[in-house]
1. Would you compute, from DSSP H runs of 4+ residues alone, the mean residue ellipticity of the chain at 222 nm, taking -39500 (n - 2.57) per run and dividing by the full residue count, rounded to the nearest 500?
2. With mean projected area of the Cα convex hull in nm² defined as stated, name the option among [x] 50.4; [y] 43.2; [z] 45.8 computed from the structure displayed.
3. Between 732, 773, 745, whose Cα lies farthest towards the positive end of the dipole of region 720-789 when Lys and Arg beta carbons carry +1 and Asp and Glu beta carbons carry -1, centred on the Cα centre?
4. Need the full-extension length gain, residue 89 to residue 234, defined as separation in residues times 0.36 nm minus the C-alpha distance. One decimal, nm.
5. Which residues does a label at residue 340 reach in region 416-449, if reach means a backbone N under 19 Å from a point 7 Å past the Cα toward the Cβ?
6. So who's got an amide H within less than 5 Å of the one on residue 193, skipping anything under 5 residues away but keeping other chains? H placed 1.01 Å off N, in plane.
7. If you roll a 1.4 Å probe over the heavy atoms of the protein chains, what accessible area per residue do you get for region 308-460, in Å²?
8. So, in nm, how far is label residue 255 from label residue 399 when the simple model puts each one 7 Å beyond its Cα toward the Cβ?
Amino acid sequence: MKHDPCSPRWKNATSTSRWVFFACILTTVVRISVAAETPKSEDELILDRGAVIYSESCASCHGDKGQGVEDAYPNSLVGDSTIGELADLISDTMPEEDPESCVSEDAAAVAAYVHHAFYSEAAQIRNRPPRVSLARLTAEQLRQSISDLYARLEGVSSGDQERGLSAIYFKGAGWKNENKKIERKDPVVDFDFGMDGPGEGIEGNDFYVHWSGGILAPLSGRYEFVIHSSSAFKFNFGNDSREFINNNVQSGDQTEFRKAVYLTGGRIYPVKLELIQRKRKNDQPPASMRLAWVPPHGTEHAIPSDNLLSGWNPPAFALQTKLPADDRSYGYERGTAINRDWDESTTAAALEFAEIAIDEMWPRYQRKHKNDANENREKLRAFLVDIVQVAFRGELDDSTRAIYIDEQVDATPDDSEAIKRVLLLSLKSPRFLYPQLDGDRSLSIQASNRLALTLFDSLPSDKWLIDRARGGNLKTEEQIRQAATQMISDPRVRSKTRAMLHEWLNLSHMGDITKDAETFPGFEPAIVNDLRLSLDKFLDEVVWSDSSDFRQLIQADWAITTDRLAEFYGDSWKSLDGETGSLKHSVSDPLHRHGVLTHPLLMSGFSYYQTTSPIHRGVFLIRNMLGRTLRPPNAAFSPLSPDLHPDLTTRERVELQTSPESCQVCHTKINGLGFALENFDAVGRFRDMERNKAIDASGVYLSRLGEEISFQNAAELADYLVKSDDCHRAFVDRAFKHFVKQPIAAYGADRLDQLTQKFKESGYNIRSLLVEIAVIAATEDRTHSSEDT
């Protein structure tokens, strides 16, 4: 509700509030006097008055420009509270030694001055305009780039393949074409064949199964592969000849085999799994095979069909070197820290890649080019040129080739040693580690580099993109937009998008979710795992649908369910009639389901062991959904125990604990949002009552423009969010920072507003937003070179 001078609320307002109202109007646009003799406007007089009061009463504690004073109030005065909120805070609490000395119009004037001079986002940008800063590769970008250096010779897999693994079943314990009995796609590998065997014509104690295809890693991280089998088996991963787990001769009672590996998100790793059930004279257990994994932040489960691909996939490589975490102090990963850990890890990464180049890439290159001339080891030089020019994101000139390749090859007669020298020198070079150091390249090559870095977190390795850049066909904005549109469906973009959505929903910081077994019987790790799969599948379906409508993320009345979730959460989580598979669409439930907003994974994650947490939910909503800032709490916070107030609802306890004036500065923003989700308990089930009292899910929110919005429940909150400029801007800003790893204001003070408006005009199409982000990064961060004239 906006301020209305005729409303009862306005008539009863304090004099401070009335002055705030006028200050808000007068400072909407600050006009600068053109000449010294021009009379100052009323809004300028208010700012002048505020500046004088601030200098006399506030600067000693907060600094002359709000930068903070170490021995008084060290934090900078920056944020996004409205002028009205600042005025109320100043009037109630400032200065601390005499709060009554700055009230009413004085407090309003100081608030207007502080907001204009250094507090607001516009002031921060005006005082210190952001710039596109030079940055090294982040850990994720380094992993992706090295994966693409490996893939350069083999190509990158497409995620557009049938789901499941290709399976061939044979009679007898080996591959014989005449004994082939069954060919099919297995959606998952989770079988207990029993004594009867896998099918007609195959005896249960004498058969062979060959599964092949690829495994798609949805996110970068540590994966533990788990094979449960009572039979002999072999499992190759990443390459047909790269043995991962070998139990070719089954002995003893071991039926569980585990091995962990770090995988790079958006990559498809070829797999070959062979089960050998040999006929034996002694008692033999029935054959079984279960291919499972423990993904990052997850629990063990059979690898879902969405992550199994049945087509042929080229060899793939994932860097195993441990890399130090990147700076996240700005809300996104930045490649800024240069220290011993980073230096040592990049050296180890270069040497690890050199070993795989020696063992796999160089032999394959030789076989592929066996008929090429090899005078003066030209074949080896050509192999190394191919890798290094991809690493350096452009063709090599003669002097660069001489330093990085020819001199190293000439220094040793041993091919392996030459490869190691070249790759260590190249992958430690700023040319590789600092992708922005390409100002001597043509505009088209610079654009291809920015596109690959933005969308893939990598370097250009796809032949079509390299050819288009070398041909000078990435100069114009439209050419770049066409390339970005072609790149957007790549599995690497899908992986990066999922990581961005996880950050938006704060999932990566949620940790393990456990609940009191007596209060919530049946809420077990398997339920949490299904909820993670449910949410990820839902995110994918919304983002990669034809509409790709952001609003569906918040307002969708359907979910992805499993039989286990339907049993625990009830009828609203039943699957649609006719849906098959482990992950299915649920029935519609517009009264109780509102996209991610009420998804049980978030509701349980933002709750305590036994009760909900309106504060955690409110902080999530105001920071992540609405993009607002909150100052750190004055002291460590411990919730009141329900046992101390057994007759109070959770809402009543929170209101009691946050009632002190020092708490209300932030909790007037937090609580009203969190209360709107109180109908959903600590495991995300809908409820009407708590402690024999009706749930009160009403709440309020004060927008950046000072509008007070009221809602009665989660449905009205969801309706507001999908229309909220704050929500739209927050999502666009987060997406830009995640993909570009630079502040959006560095590309123009009004760029966020422009991009948000374009997002709205597209029908809130998320894929279109990602394309536009890539276009901005690729067109506005380039340097003209002589090749462009």
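1. Values: 30 runs with 305 residues, N = 789.
That comes out to -11500 deg cm²/dmol.
2. The calculated read-out lines up with [y].
3. The listed residue farthest towards the positive side: 732.
4. On the way: separation 145, 0.36 × 145 = 52.20 nm, distance 6.79 nm.
Here the segment from residue 89 to residue 234 would lengthen by 45.4 nm.
5. Flagged as within label range: none.
6. 287, 288, 289
7. Details: 6580 Å² over 153 residues.
On a per-residue basis, region 308-460 sits at 43 Å².
8. 6.8
The values are calculated or read from the model by the stated rules, or taken from the named source; none is laboratory data. Computed from a predicted model, the values in this text were never measured in an experiment. All Cβ positions, glycine included, derive from the backbone under ideal geometry; neighbour counts span all protein chains shown. With ligands, DNA and RNA removed, areas are computed over all heavy atoms of the protein, side chains included. Shrake-Rupley method; radii C 1.70, N 1.55, O 1.52, S 1.80 Å.
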